[in-house]
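The values are calculated or read from the model by the stated rules, or taken from the named source; none is laboratory data. These numbers were taken from a predicted model, which means no experiment stands behind them. Quick reminder, even Gly has a Cβ in these numbers, built from the backbone with ideal geometry, and neighbours come from all protein chains shown.
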Amino acid sequence: MLTIAAVLLVAAIVRMSPVSAVASDPYAYKNVRIDGGGFVPGIIFNQTERNLIYARTDIGGAYRWNQSTKSWTPLLDWAGWDKWGYNGVISMATDPVQTNRVYAAVGMYTNTWDPNNGAILRSTDKGDNWQVTPLPFKLGGNMPGRGMGEALSVDPNNNSILYFGTPNGNGLWRSTDYGATWAKVASFTNPGNYAQDPSDPNGYLSHRPGVVWVTYDKRSSTAGTATKTIYVGVADKENTVYRTTDGGTTWSRVAGQPTGYIAHKGVLDTVNGYLYLATSDTGGPYDGAKGDVWRYATATGVWTQISPIPSSSADDYFGYSGLTIDKQKPGTLMVATQISWWPDVIFFRSTDSGATWTRVWDWTSYPSRSFRYTMNVTENPWLTFGTNPQPPEVTPKLGWMTESLEIDPFDSNRMMYGTGATLYGTENLAQWDTGGQFTIRPMAKGLEETAVLDLISPPTGAPLVSGLGDIGGFRHNSLDAVPAMLFTAPNFTSTTSLDYAEKSPSVMVRAGNFTDADRPNDSHVAFSTDGGANWFQGTEPGGVNEGGTVAAAADGSRFVWAPKGVTPVYSVGYGNSWQQASGLPTGAIVESDRVNAMKFYGFSGGRVYVSTNGGATFTATAATGLPATGGKIKAVPGIEGDLWVAGEGGMWHSTNSGASFTKLSGITNAVNVGFGKAAPGGTYQAVFAVATIDGITGLYRSDTGGSSWVRINDDKHQWGNMGEALTGDPRVYGRVYLGTNGRGILYGDRTGPTPTITPTPTVTPTVTPTVTPTPTVTPTVTPTTGSGCTATYQAGNSWPGGFQADVTVKNTGTAQFTGWKVSWTWPGDQKVTQLWGGTPAQTGTSIGVVNAPYNGTLAAGASTSFGFNGSYTGTNTPPATLTCSPV
């Protein structure tokens, strides 16, 4: 009899319909298309129903393939903030007997980052609805080793039986009632001892993947009785494969097995009687420097090393994973290099059970290579990452982190595989064996896995610009089409902050992260003057390693930047030089007033800071009671001094530039707040919030300035820990853009009747007078002296057909004057397209600039500046002389 531990209690359907006094407004949600954008560690084909395919992700939930549309349907959007870790899927199993049944093992982190234990989810309708069995330990869908598997498996002879391999010493578990209850298999005594770094103080690299795969030998039993022979993989370099021959009563280490490596995959060819192993020296998915492929003859117990490149070879600089067999062609198998960053991943294929192999690409004469495949990424062109590598590298890359490579059990021509960026596939794989080339295309439509860090929706231009983790971000000209390219020049690995100039929305700024050692001359801040279509980088102050937050003045004339860990700074113009912002703490969140170009805000430690001189100096307001840690601060377009703060404890609103705040009643917690077009008949912007209202955490909208709210999502659409990024659309009433942590960008539109809104009374803000700025700019051109003042031209950033420059005006006389005019003649066809800090007038090549109202008065020896963007078609030679005259 099978020895088991105490049986767990089952939890029925965990999701209950909450009762709330808040009204609801029906919405339809769709993903803003990017396609992919993250690691796909597992692809699972049902072995008895054609086209029934599932994919699991590490932070973005699970998906089911829709053959008619060749797209993926998300299955775990119902998991909300209370169970956000359920979007980390460590394993899935699809039932080969009752194919409507599917199972998922969920939980994102096994350290302190995820507050909840893991769970087994079970469905009887292919994932449309789920029931939940909580586990007494955590699971690690986004932990080291997550590409090994599958650890969850259904007995193909008696489908009421499932096995599940677990991490961190919890061993092997078994269910005999279709996953409703589970018990530990006490007779299985090796829980796995491998950890990447057992001493990691964060508890991440010290994670032990444990028992990592379960493979049944269906031949050992008949339908309706438990499979007798089962193989189990363990993350233990000396004891990586175990077997039972009595249906799980006893287990033993398979004799003669290879040692020194971990079996990432164990796949059984029941026709020829071979168990194949793909092994690596680490658990992956980011590393692996050695490995082998082995074949075990189940009838004789003979092990044979069949590595395409054995670990003993100097040519082996990778481990193996991504192991699959062709059920239609017994003896045909494929395996992938789990990590082969340079020049690319390698797929190997054998048609004789591993006796001989061919490669998906071969060296010809270095650095040249020949290819058995072509790649067509026209549907997802951003997968080139905007690169132009030198041979032997190519773009797009074939892949990396290829832990899952699967041949369709019904179609030898179809193969799918996951990478660190997307899911690829082919439908003519057999070309490999006939000397032709097979075609690889992205197969990730509907599978949206990006982590969204910021979103902006300007009043003109593209409807949305995104800041994303890992793939930088995009300008979304269409919400339903994949963008052509991600941000380049410079490219950020992650874009941490975005902003646009409210009154000049073609001016944008972004800040972000990348590996500084790879690009020591690049900046963590970039600018655009055409609505995000093209970007150029500015300079940066010393010590910057991460982007932090950044804000653009309402007219685009200046910027305030708070890089992570560095004193905040401000720049007049596009980052040609930066000066320290006085009075604003390091690490503050920065935001610009959407009306007053000289007003900026900062939020740190529960205090609001205000600058009225363009970011030069900040002063803390008297407001108290705001969230001491975290939180978001947003300014309302069209109303000076109108601020909202969202954070732990609720939501707060100020109409006097943060001098005081009113806490909104009924809101006990808030993640984020954003604004969109006012409702018909309304005068105040629609307010969107991810918040907890009447005890329900959800996505809400207020058309009445926060006095009343409607919930605009439901229990089936909660998207985990949503809300790090949130904004409305200034052009479409009711439209909301929502960022998730692994399910990409959602946009929602109302589907109900248009509401009737009573006009909101006009808010009269309390405004602090603007202070005259006096930024200092270091000249690079010899000044020309005028009558009492000088003007110095300083060239800034340039791009094809465009440029930016600053001009410093200095009073060289002995008395104060109250106005000035600067004039020059362009040597070419340059034209000023936008100017700040003055009023320009250009006729032909001659241009004159008079002071703005705030910077005309200059004491003796004082200086000010103005800046501008320009265009040209020929050459961009600076003017030879500038004339300055007091007026």
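Scanning the range 847-877 for residues that are outside any strand (DSSP E or B), within 24 Å of S506 (Cβ to Cβ) and in contact with a Phe, Trp or Tyr (Cβ under 8 Å, 6 or more places away or on another chain) yields A852, N855, Y872, N876. Has the range 5-15 got any residue that is under 19 Å from A93 (Cβ atoms), at pLDDT 95 or above and in a loop (DSSP other than H, G, I, E, B)? Looking for residues that are under 19 Å from A93 (Cβ atoms), at pLDDT 95 or above and in a loop (DSSP other than H, G, I, E, B), one finds none in the range 5-15, hence no. Checked against the criterion of being farther than 23 Å from G107 by Cα, of a type in the set (F, W, Y) and out of contact with any strand residue (DSSP E or B) (no Cβ under 6 Å at 6 or more places or on another chain), the candidates Y733, Y737, Y700, Y747 yield just one match: Y733. Criterion applied to T351, T270, T337 was being within 29 Å of N190 (Cα to Cα) and surrounded by fewer than 20 Cβ atoms within 10 Å (Cβ to Cβ), and the one residue passing it is T270. You will find that of G461, G469, the residue that is touching a residue at least 40 places away in the same chain (Cβ under 8 Å) and within 18 Å of Y737 (Cα to Cα) is G461 and no other. For the condition in a loop (DSSP other than H, G, I, E, B) and in contact with a strand residue (DSSP E or B) (Cβ under 6 Å, 6 or more places away or on another chain), G147 does not qualify.
Scoring A195 on the criteria (1) assigned to a loop (DSSP other than H, G, I, E, B); (2) of a type in the set (A, V, I, L, M); (3) in contact with a Phe, Trp or Tyr (Cβ under 9 Å, 6 or more places away or on another chain) leaves a single failure, condition (3).
Pairs linking a residue in the range 686-708 that is within 18 Å of K83 (Cβ to Cβ) to a residue that is at pLDDT below 95 and part of a strand (DSSP E or B), with Cβ atoms under 8 Å and 6 or more positions apart or on different chains, do not occur.
I'd like the full set of residues that are surrounded by fewer than 20 Cβ atoms within 10 Å (Cβ to Cβ) and of a type in the set (D, E, K, R), limited to the range 415-454. Selection gives E427, D433, R441, K445. Only residues that are touching a residue at least 60 places away in the same chain (Cβ under 8 Å) and either among the small types (G, A, S) or in contact with a helix residue (DSSP H, G or I) (Cβ under 8 Å, 6 or more places away or on another chain) (or both): list them for the range 502-520, please. Passing the criteria: only S504. Somewhere in the range 461-484, is a residue at pLDDT 95 or above, under 30 Å from R372 (Cβ atoms), of a type in the set (S, T, Y) and assigned to a strand (DSSP E or B)? No, the range 461-484 has no match at all. For the range 378-398, filtering for residues that are touching a Ser or Thr at 6+ places or on another chain (Cβ under 9 Å) and surrounded by 12 or more Cβ atoms within 10 Å (Cβ to Cβ) leaves 13. Within the range 818-831, if we keep just the residues that are in a strand (DSSP E or B) and modelled with pLDDT of 90 or more, the residue that is surrounded by the fewest Cβ atoms within 10 Å (Cβ to Cβ) turns out to be T825. Looking at V132, V212, just one residue is β-branched (V, I, T), crowded, with 23+ Cβ neighbours inside 10 Å and in contact (Cβ under 8 Å) with a residue 60 or more places away in the chain, and that residue is V212. Restricting G542, G532 to residues that are within 20 Å of the chain's Cα centre (by Cα) and not polar (S, T, N, Q) narrows the list to G532.
Residue-by-condition table, conditions (1) touching a Pro at 6+ places or on another chain (Cβ under 6 Å); (2) surrounded by 21 or more Cβ atoms within 10 Å (Cβ to Cβ):
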position: R146; (1), (2): yes, yes
position: G149; (1), (2): no, yes
position: D155; (1), (2): no, yes
position: S160; (1), (2): no, no
position: L172; (1), (2): no, yes
position: Y242; (1), (2): no, yes
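Look at the range 369-383: where a residue is acidic (D, E) and a partner is assigned to a strand (DSSP E or B), sitting 6+ places away or on another chain with Cβ atoms under 8 Å, you get E379/R441; E379/P442.
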